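Beneath this line is the structure, given in structure tokens, with notes to follow.
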Amino acid sequence: MRVTVMRGLLIAAALGAGLLGSQRVSLAQSVGLPAPRLLTTMPMGGTAGTQVEITITGEHLDGANELTFSDARLTATRKLDPAGAPVPNQYLVTIPADCPPGLYEAHVRTRLGMSASRIFSVGTLPEVMQKAGNTSLANAMPLAMNTLCNSVATARSSDFYTFEARQGQRVFVDCASRGIDSKMEAVLVIADAAGRDLVVERSSGVIDYRVPADGNYVIKVHELTYQGGAAFYYRLSLRELTADAVAVRHPSTRRVSAFSWPPVGLPEQAALGEVEPNNDKDHVQKITLPCDISGAFAQAADVDVFEFDAKMGEIWWVEVASERLGRPTDPSIIVQQVTGTGADEKLTDVAELTDIPSPVKVSSNGYAYDGPPYDAGSPDVIGKVEIKQDGRYRLQITDLFGGTRSDPRNVYRMVIRKAVPDFAVVAWAQHMELRNGDRNAVSKPIALRGGATMALDVVTVRRDGFDGPIEITMEGLPEGVTAHGLKIDAGKTRGQMLISARQDAPGSFANVTFTGRAVIDGTPVTRQCWLASHAWPIPDSWGEIPAPRLLADVPVSVSGVDLAPITIAPASPEIREVTAAEKITIPLVQTLRSEFQGASTDLRPIGCGFESAPKLTVSLTSDKSEAVFDLAALKLPPGDYLVAFQGSAVAKYRHHPEAVAAAEVAKRQAEQMVMALDAESKKLAEVAATATPEAQAETEKSKTEIAEKQKAAAAALAAADEKLKQATAIAQPQDIVDIVTTEPIALRVKPAESK
Amino acid sequence: MTLPKDNVLNRFRFGPGLLMVLALWGFLSHTQAVRAADAPLSFTNDVEPVLTKAGCSIGACHAKAGSGQNGFQLSLLGLEPRDDYEHMVKADRGRRLSIANPDQSLILKKASGQLPHGGGVRLKRDSAGYAVIRKWIEQGMPFGAANEPTLVSFEVQPGRNTVPPMGQQQLKALAHYSDGTVRDVTSTALFESNDKAMADVDTEGLVKVSDIAGKAAVMVRYQGRVAVFSAAIPLGAVVDSVPPSKNFVDDFVFANLKELGIPPSPLCDDATFLRRVSLDIGGRLPTEEETKAFLASNDPNKRDQAIEELLRSPDYADFFAAKWTALLKNRRDDASDLVSNFAFHAWVRDSLLSNKPYDQFVREILAATGTVIGNPPVAWYKRVKEPKNQIEDVAQLFLGVRMQCAQCHHHPFERWSQDDYYSLAAFFTQVGRKPSPVRGEDLIFHKRGVATATNIKTGAALRPAALGDVIPEIAPDQDPRLKLVDWMSSPKNPFFAKALVNRYWKHFFQRGLIEPEDDIRDSNPATNPELLAALEKHFLESGFDLKEMVRVITRSNAYQLSAIPTPSNVKDRQNYSRYYTRRLQAEVLLDAIDRVTGSSTDFTNLPAGTRAVALPDNSYNRSSPFLRVFGRPEGESVCECERVQSSSLGQSLHLINAADIKAKLADANGRAERLAKEERPAEDKVRDLYLATFSRQPSSDELKTAVEYLAQVPTGADGMPVDSQRASRENFQDLLWAMINSKEFLFNH
């Protein structure tokens, strides 16, 4: 995706520096080097035990030739035309019968590496495709009961489906959209046979309908603001359920906040359930600690009150999940000590527990990003309760968003435990923070150009007082790729993962193991590091709200063709040793593969302990620079460190230059063919001039054949010429600003020599 | 002396001069009866009323916000005597008063015109008011004794009476004090009529009624107290019969008409009824098929069935959602408002479609939490951000009470004080906001804590209290807004149900039982209080069922009266003796024109064929001159008055020759084109046109005129007759154009 920046420098100059060494950019400049992104598959899924033919679309999918999934049971082959040649962008996906229903990541391998993924659903219902033009009652598409339809919302219109139903029948209409990466806020309507609305649902995408009378009914589907097109796809299922059946909805992707749930080792089901009525002091539910309770904010302004005894000095940790379970809730907890009884009862506040704060400042929705466009915090709760006196305590849990809403689906799980120190980690690709109102939020696959170093932000939510350092590791990398974690320091919440590809790394791909590691109470602990990404490249988050989510896998790939515009690396890979009181100069080497705007760029240090180190000015015209660290000023304790530098630069990037060479070859071949045919035609004319009357007929036939071949060759030449023009135009150098990260520098700080 | 209880003074029996003499004599003799001439005067009880009566303390003069007028400041209508005393006696080193020579006091010289005074002569030297102030200065300008009697109540006599057309009624204002004394304060009370065309009142409390029959009220104010005189002005015509009563609405409407002697018009015919009720409930014309079927039906219940059909239809939800979303300020200020505006409008519309009980509808708005996408009423908090705006909107929209005045001072027409204002605002002080990813939107939640709002004048931190009612203490964990809605939706609430039924009554009858519909106060009584009470009771008993309210109103014969006045009721404008005609509102008219011309209006982002009444917000006004000129509201105010219902020259010109109207008439797929091409008798086509446009069959004269017109062959620019196809097309366009410019089309009647 290219984001054209058309905002003035005057405003940019007025704004403060961003985290990534804010870059002023000139007019008509794009942000972010091209990255491959799989955007749609049609259909968006299939039935287990079937083979599905799908068509894909996306950005920068040049050279796409392989469709893969986050689960190896799902396989795909390219669709072939009758001549046995692959049909562009079409695949046959085989879904084995033993593939569990659910959501999977689909990605496609391109010349730039593995694309950003798109959700592919596996279900159990028979699936059909939307009938074209079903945008009126007259052209409504009949939908059989217990069927799923893969559809795309039509702009400024509703899609119409009809079904027959009997009085008393329970019909469950479920529309998956946002939960499968679609941009669609689905509106579902059940209408009578004349199309008059009976029931409308605009937020949940589901209608559980008891049919009032035998007859034909209409389902209308549209986007909340009547947007439509390929990005607004949906999977609409129509099911008949028995009266007492538990309705199971289409699965959904997980919000970024869900990375911190559940705590490791938590049983699938809670040991206890809330027992209503437990809404006030006269109806409290007695519990003993520790405990693990499930409940629901089922009624409007629901309050669930629990009471327990506790001893002085005890510290209890309370964790609640509800929003992280995918519910639109905001749980809040009040713990109070209860003294006295009856009319003399007195309550004293002990703790008020609300949100899990984001580990790092999230971008506001202001003029430009002033933090990452990812929120790893949650309205859920992790907090502690310190007991100062023996006695009786009352805990009440409410949903701050539930004052007027009655919905038994708004469940929660509350765990009250003695401290079990732990942590959860999540990572995402960094975003540019430009001082010019740039608000693009994009999916960034870990698809590396040769010589590139890509940085991921890694943040942690810590549990139950764990405060130690967290190392970040990535294993199972593809050939030619190395990864270095800049650890999350003790007491901190943010680190980085740097992933570098050698300049000569071949095109390769691997699903890697990404972890955070720490020692907790003397025991090594390893936790999965989730990767988060935006579902869509959003050019401007004022006009469209980004939808970040957790990914099911961590694909790392290398282009093998395209190279990074610049590589900055220490001249020598060895660990450099330095004493705590010294200055050290690290020679760096720049490999420039592009021209750049400006003669130099400033990079700031990253890596814990080096935040206050001076910025590094890197020349964009020469191949050497030096980083200087004053260990006395940094006051780093002895130990091993990794440090890197990060900033941005505006490269004159050429997109897909090898296509120009290929087009040139093709054009030359076409020219040669034309020339050869011209020569043959000329020769034939000479033969014809001297041919006997008997041979004339044969000669004329040959002339006709040659003429046809000449015509085809001329057309082929014209096409080759056009292709060359297009490839040349695409490959024209274009100013693109992107993040530049150096390869890490390893330092060993030794104790200062005593004098 | 006390005036006779039945103090009707008909001007044909008594001349005005005699009347004044009687009134003055009555006032003086009463005052003498209760107060000794040399008794010490009180600033509060004696001086302040004189200043107020003289108009010194109105907002345009010395009570102007800020610093009053030329440095002399008084409280509005003398509601703050202590402050006024300080300003008058002590401010500017006491230069306004001269105890040594009271007549030389600046205040008297200015008020009597002896010195230049911007406000003119307010107190003549020989007036009683002048004498009171002079004497008070002479007495040393006391504020008053600590134990002086205080005003405890105020009344006007009589409270109500029947006054014949062109008759008069002298009012007497009586102030009751804490020591048991009663003073006649007619000369210092303020009198104001709520309908000067029906009943005017002079400064001395003499009411003169006109020949317009009905109910009029005179508000009488004294020292922050308000009393009301209600006059019934009978027409006195003989009401031989009224239509049969179909429900309690008819009982009360026709009883009132009988009382006033106003004969109702007869019931309207079927065609008129169907058009009227379709426009009033569904915001649309009936289709030709509906009209044909309705007119052909002999079912005695067909009118009730038509009402039910309309209430079931999404048209009802669309039309009333348009009404509510404007009042709820669903306004597009920024392109990024699109999603929230669509969501909120849709939520309102769906709520109406599913007939969500009104109390629940209001609860979900006022106590909204979460995100706009998850809970669209949160959008209200996007538009109405501050607690004071929130309570002002809530009070006016849902309670029919205008609280704005009480933010800065005691309400001049009402019993509401600043404490009442800020106590109400306190309900909204714990509305928490968290940032959201969406530009301009916050996540709304209840922020734990004790809700209080600070009275800006006294500095007192006030707990939530409802208007005139006590709310039990609200715990920090409880959302005060839920308690407010509990109070609002209580069956005993004196405002909530009343405000809604009055608002809906106005929707169908063009005039509220209380007018304006959102200014319900003791001093603005209903024209038919018994009917209002009965509607309120019915609404409560129905469980706040909005559709039932529409049903009970539209089923009544009172609603189904003809709009054509009789000679006897032609002047009636408030007793519902006939249906009061009203121009179709902007969206309905645009839809109607689209319907009859067979064209459509394209609205950005919305599906083709979307009706104007289903538009989600005001943004479409920008692209539609039609909607603007016909007064579609911008969602700026909670007042329905923002919708312009009056007619204007601009509207006439637009209908006559605006480009969009011409384009609709000449639409290539439009009705005129289609009719021109159809091979069938012109009479049939004219009948269809009348059905589509006026929802009736043409009369024989109309049919003849129209057919003759269609047969004409106009000439072109070259003076030659145009070809027959073009002639036919243009003739149909002309005919349609004439019909949509007729009052019968433009008005609901």
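The table below lists the values:
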item	result
Selection from region B:570-604 of residues that are assigned to a helix (DSSP H, G or I) and in contact with a Gly (Cβ under 8 Å, 6 or more places away or on another chain)	B:ALA586, B:GLU587, B:VAL588, B:ASP591, B:THR597
Subset of region A:309-335 that is under 19 Å from A:LYS281 (Cα atoms) and buried (at least 20 other Cβ atoms within 10 Å of the Cβ) - its residue that is farthest from the other protein chains (Cβ to nearest Cβ)	A:ALA310
Residues being surrounded by 18 or more Cβ atoms within 10 Å (Cβ to Cβ), more than 8 Å from chain B (Cβ to nearest Cβ) and in a strand (DSSP E or B) - total across region A:199-222	9
Residue match in region B:542-564 (condition: in contact (Cβ under 8 Å) with a residue 60 or more places away in the chain, within 20 Å of B:ALA659 (Cα to Cα), away from every other protein chain (no Cβ under 14 Å) and not in a helix (DSSP H, G or I))	no
Tabulated pairs, region A:257-272, first under 16 Å from A:ARG417 (Cα atoms), second part of a helix (DSSP H, G or I), C-beta under 6 angstrom, 6+ apart or interchain	A:TRP261/A:ARG324
Some residue of region B:429-445 being more than 13 Å from every other protein chain (Cβ to nearest Cβ), within 33 Å of the chain's Cα centre (by Cα) and assigned to a loop (DSSP other than H, G, I, E, B)	yes
Residue in region B:546-560 that is of a type outside the set (Lys, Arg) and in contact with a strand residue (DSSP E or B) (Cβ under 8 Å, 6 or more places away or on another chain) present	yes
Residue among A:THR404, A:THR398 that alone is within 14 Å of chain B (Cβ to nearest Cβ), more than 23 Å from A:SER30 (Cα to Cα), in contact (Cβ under 8 Å) with a residue 24 or more places away in the chain and part of a strand (DSSP E or B)	A:THR398
Helices (runs of 4 or more DSSP H) wholly inside region B:622-726 that include at least 2 residues being among the hydrophobic types (A, V, I, L, M, F, W, C) and more than 34 Å from the chain's Cα centre (by Cα)	B:659-665, B:671-677, B:682-694, B:700-711
Some residue of region A:365-380 being more than 14 Å from chain B (Cβ to nearest Cβ), crowded, with 22+ Cβ neighbours inside 10 Å, touching a strand residue (DSSP E or B) at 6+ places or on another chain (Cβ under 6 Å) and among the hydrophobic types (A, V, I, L, M, F, W, C)	no
Flag for A:GLY195 being more than 30 Å from the chain's Cα centre (by Cα), on the phi > 0 side of the Ramachandran plot, within 14 Å of another protein chain (Cβ to nearest Cβ) and in a loop (DSSP other than H, G, I, E, B)	yes
Complete set of residues in region A:529-578 that are within 14 Å of chain B (Cβ to nearest Cβ), more than 20 Å from A:GLU59 (Cα to Cα) and touching a residue at least 24 places away in the same chain (Cβ under 8 Å)	A:TRP542
All strands (runs of 3 or more DSSP E) inside region A:579-688 with 3 or more residues being in contact (Cβ under 8 Å) with a residue 12 or more places away in the chain, surrounded by fewer than 19 Cβ atoms within 10 Å (Cβ to Cβ) and among the aliphatic types (A, V, I, L, M)	A:583-592
Number of positions in region B:284-342 that are away from chain A (no Cβ under 14 Å), in contact (Cβ under 8 Å) with a residue 40 or more places away in the chain and not in a helix (DSSP H, G or I)	5
Checklist (1) in contact (Cβ under 8 Å) with a residue 40 or more places away in the chain; (2) within 14 Å of chain B (Cβ to nearest Cβ); (3) not small (Gly, Ala, Ser) applied to A:ILE520, failing item	(2)
Subset of region B:348-374 [within 7 Å of another protein chain (Cβ to nearest Cβ), buried (at least 21 other Cβ atoms within 10 Å of the Cβ), free of Cβ contacts under 8 Å to residues at least 60 places away in the same chain and in contact with a Pro (Cβ under 8 Å, 6 or more places away or on another chain)]	B:LEU353, B:GLU364
Selected residue (only one of A:VAL420, A:VAL415 is in a loop (DSSP other than H, G, I, E, B), away from chain B (no Cβ under 14 Å) and within 32 Å of the chain's Cα centre (by Cα))	A:VAL420
Hits in region B:62-99 (condition: outside any helix (DSSP H, G or I) and small (Gly, Ala, Ser))	B:ALA63, B:ALA65, B:GLY66, B:SER67, B:GLY68, B:GLY71, B:SER75, B:SER98
Residue check for B:THR272: within 14 Å of another protein chain (Cβ to nearest Cβ), among the β-branched types (Val, Ile, Thr) and closer than 19 Å to B:SER695 by Cβ	no
Residue, nearest to B:LEU546 (Cα to Cα), within region B:343-380, restricted to residues that are part of a helix (DSSP H, G or I) and in contact with an Asp or Glu (Cβ under 7 Å, 6 or more places away or on another chain)	B:LEU353
A:ALA116 under 23 Å from A:TYR226 (Cα atoms) and not acidic (Asp, Glu)	no
Verdict on A:SER257 being within 14 Å of chain B (Cβ to nearest Cβ) and either within 30 Å of B:PRO437 (Cα to Cα) or outside any strand (DSSP E or B) (or both)	yes
Subset of region A:166-192 [part of a loop (DSSP other than H, G, I, E, B), closer than 30 Å to A:GLY58 by Cα and within 14 Å of chain B (Cβ to nearest Cβ)]	A:SER177, A:LYS183, A:MET184, A:GLU185
Considering residues of region B:375-402 that are in contact with a helix residue (DSSP H, G or I) (Cβ under 7 Å, 6 or more places away or on another chain) and within 11 Å of chain A (Cβ to nearest Cβ) only, the residue surrounded by the fewest Cβ atoms within 10 Å (Cβ to Cβ)	B:PRO377
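Coordinate-derived values only; no laboratory data. Small disclaimer: the values here were computed from a predicted structure and weren't measured. Heads up, the Cβs are rebuilt from the backbone with ideal geometry, glycines too, and the neighbour counts pull from every protein chain shown.
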